[in-house]
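Beneath this line is the structure, given in structure tokens, with notes to follow.
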Amino acid sequence: MRGMLSFCAAAVLVAGAAPALAHHSGAAEFDSTKKIDLTGVVTKMEWVNPHAHFYIDVKGPDGKVTNWNLELASPSILIRNGWKRDSVKEGDTVTVTGSQARDGSNLGIAQTIIFPDGRKLNFLSAYEGGK
């Protein structure tokens, strides 16, 4: 019986640690001095925990297209702040400001998303301005 209790206790600790290992510090992954200002077409939106992500194709001055992975807050925080699953959709053209990953990859954290009509999305509120 005592062995079974020890096993159960260990299993609970391991299961509880898994979400903590999956989450990361934004400051550890993103460099606030590496500002990004990207305009592109949304290719994918993922409402997943611990952070939602969307991807955009950005055309460079040389015509080369690069796909960027942009992180958002968790889906529950976005929803609490007025976002809907279709706030950012595949095919939308958006301008994104934020910070790039410390490793210089095409990964960033989005701070503001601006649509061509002037609507803005950010972590704290769904739409601001625009039509």
Checklist entry - In nanometres, what is the gap between the two model label sites at Lys89 and Asn49, each 7 Å from Cα along Cα-to-Cβ? => result 2.8
Next on the checklist: List the trypsin sites (Lys or Arg not before Pro) within segment 72-118 that DSSP assigns to loop and that have no more than 16 neighbouring Cβ atoms inside 10 Å.
Outcome noted: Lys84, Arg85, Lys89, Arg102
Checklist entry - How many nm separate the modelled label positions at Lys64 and Glu29, each set 7 Å beyond the Cα in the direction of the Cβ? => result 2.5
Next on the checklist: Suppose we look only past 25 Å in the calculated P(r) of segment 25-128. What percent of the Cα-Cα pairs does that tail hold?
Outcome noted: 12
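Computed from the coordinates by the stated procedures, all read-outs in this text should not be read as laboratory data. No experiment lies behind these values; they were computed from the predicted model shown. Don't worry about glycine lacking a Cβ; one is built from the backbone with ideal geometry, like all the others, and counts go over all protein chains shown.
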